[in-house]
Structure formats: structure tokens, C-alpha cells
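What follows is a single structure, written as C-alpha cells, with notes after it.
The values are calculated or read from the model by the stated rules, or taken from the named source; none is laboratory data. Note that the structure is a prediction, hence the values are computed from the model and not measured. Glycine also receives a Cβ, built like all others from the backbone with ideal geometry; neighbour counts cover every protein chain displayed. The area values use the complete protein model at the heavy-atom level, side chains included, leaving out ligands, DNA and RNA. Shrake-Rupley method; radii C 1.70, N 1.55, O 1.52, S 1.80 Å.
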Amino acid sequence: MTNRIPASERIIVALDRSPFSGNLPLLDILEGRAKWVKIGLRSILAEGPGILEKPNELGYKIFLDLKLHDIPSTVAASLENLIPYGFDMVTLHVAGGRRMIEALRKTADETGGGRRPLLLGVTLLTSLDQTDIRDLGVIYSVAGHVKRLAEIARDSGCDGVIASGAEVKVVRSACGDDFLIVTPGIRPGGTDDPSSDQRRVMSPSEAVQLGSSMLVVGRPIHGAADPGKAFDEIVKEIESTESPAV
Ligand code: C5P
């Protein structure tokens, strides 16, 4: 399905520079090249949702990475308060359960108007391993638990999930071709910067081949000497990749 999306529209550029004004030159450089940008909770808390104005003015689609998780009425009201600022995708923790997700989907449908934000579920944080989830009382393997949560996300109204490269395959086969899978931890050519805190990384082509729909890329673009060139190279790498069913 998503292989019909042009490669440049499959890359979500993380605007992780702090203060947020440090991202503005990147927005200018990537204007007309990139379609999607990601803004995180840290920037929203530091500077308020008004920071969405500039990327909106420039015509970017905005992925708001807030990882919402609370009782249904609270998350729904929070989403409703944010919708007027304009964004296109928002994250939530699937651990909040079916009723929380259903409440968010209802709010998005009813108040999103022509710009209903897509809902993306976070299954299991990649900072958690088998020992951590056992400690939390989960009896499944990491992959089994991610699969279970992805199915709950799909069945309760999410448009897709966030999945690390290690989990893409299991989610794609469990949730089908029309489900969005967004993958962070991307390093072009599979290489990693030793100073990076990303432990499990994957190249753009590997992630797309496994079934990722879209890739979140931060430091390989905003930390590059020439961010425009770094973006274009990732586009080329995706274009040269035969993606399977997605
Ligand atoms: O490592 P990089 O700079 O490319 O990270 C881009 C974004 O992806 C960051 O905003 C980070 O918070 C997010 N992310 C991640 N790994 C996860 C989940 C989210 O790097 N497992």
C-alpha cells in the first residue's frame, strides 16, 4: 500500500534541536523536499504548541510525538485542546487500553475536521527489554507482547504503530498491509555514530524492505554538515529499495 507514497514523503525529520528556534534553518533548507517533521513532547513543554505555527506556514505535515497515556476523558480533552494548532499525526501509548484509544479516535474524527490527525500507537518502548517486561508482570516475549499490543492498536482505532526495525516484520504480518508502521532508529547505510544512544539501528533500505511505511530520522539529517544532501541521499536509498507488500 504505502509503496505508492513517494520516498521523500516516507521520511519524517525529527526537529530535536533545543531551543526550537534551532530547527528553523532546517525547515528552510528542507522546504519543498521533505513533507513530514516530528515535534516532541520536550519542545512542546518548553515552548508551547505555538511552535507548530512555522512548520504549518511552510506547508509541512506535522507528527506530534506526545505519547498520550491517561484515562479516556483526559486524553480526549487534551487532544481536543491541541487540534486547533494543526497537526497530522499523534502518538499514544497502547498500554492505555482499548477505551482510551477509542476515545482518542472519536475525538480525532469529530474535531479533526478536514485534517483528522492519524493515531499512532507506541507498543513497547525500545528502552524496555525482556527483563523489564517480566518485572512488569508480562509473561510474553518482547515480540509476542509487541504483536499483541499492535493488534489492540489496530482493532481500537489506531492508523498504525511505531515499531523499531526489530519489530517491523512481526507487526506487518499481524496487522496487514494497510496498517502504518513508523520506524525510528534509522542510520543511513546501516552505520551508527558511536556517540549515539540508539542501541538498535537499521538502514532506511532494511527498514523499508521489512515493511516500514515511514521512517523517523533525526541526527543523521539535523546533525549532518549538509542536511539537504543527507535527506536526498536517504530518499535515493529508499527509491533504490524494492519494498515488498507495503
Ligand atoms: O536517533 P535519531 O536522532 O534519528 O532519533 C530521532 C527521533 O526518534 C528522536 O526524536 C527520538 O526520540 C525518536 N525515537 C527513537 N527511538 C525510539 C523511539 C523514538 O529514536 N525507539
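Laid out as a table, the results:
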quantity	calculated
Whole-number percent relative contact order across the range 2-239, with pairs defined as alpha carbons under 8 Å at least 6 apart	19 percent
Stokes-Einstein D in µm²/s, Kirkwood radius over Cα pairs - the range 99-217 at 37 °C with 0.692 mPa s viscosity	216 µm²/s
Subset of LYS61/LYS169; LYS38/LYS229; LYS35/LYS236; LYS35/LYS147 violating a 21 Å alpha-carbon distance limit	LYS61/LYS169; LYS35/LYS147
Rounded accessible area of ARG116 (nearest 10 Å², 1.4 Å probe)	60 Å²
Heavy-atom accessible area per residue - the chain, 1.4 Å, Å²	46 Å²
The chain - convex hull of alpha carbons, volume per residue in Å³	125 Å³
Relative packing of peptides 117-127, 42-52 - highest average C-beta neighbours within 10 Å first	117-127, 42-52
Assigned charges on the beta-carbon of Lys, Arg, Asp, Glu; the chain dipole about Cα centre (debye)	340 debye
Whole-angstrom Cα spans of the range 46-150 along principal axes, big to small	46, 25, 22
Translational diffusion of the range 6-67, µm² s⁻¹ [Kirkwood Rh, Cα pairs; Stokes-Einstein; 10 °C; 1.306 mPa s]	137 µm²/s
Rounded percent of accessible protein surface that carbon and sulfur make up, the chain, 1.4 Å probe	50 percent
Dipole of the chain, positive end: most advanced residue of THR123, LEU79, ILE186 [Cβ charges, Cα centre]	THR123
Long-range HN-HN contacts of LEU66 with modeled amide H, under 5 Å	THR91
Cut-off under 5 Å, modelled amide H: who pairs with LYS38 long-range	VAL13, ALA14, LEU15, PHE63
Long-range HN-HN contacts of LEU180 with modeled amide H, under 5 Å	GLY160, VAL161
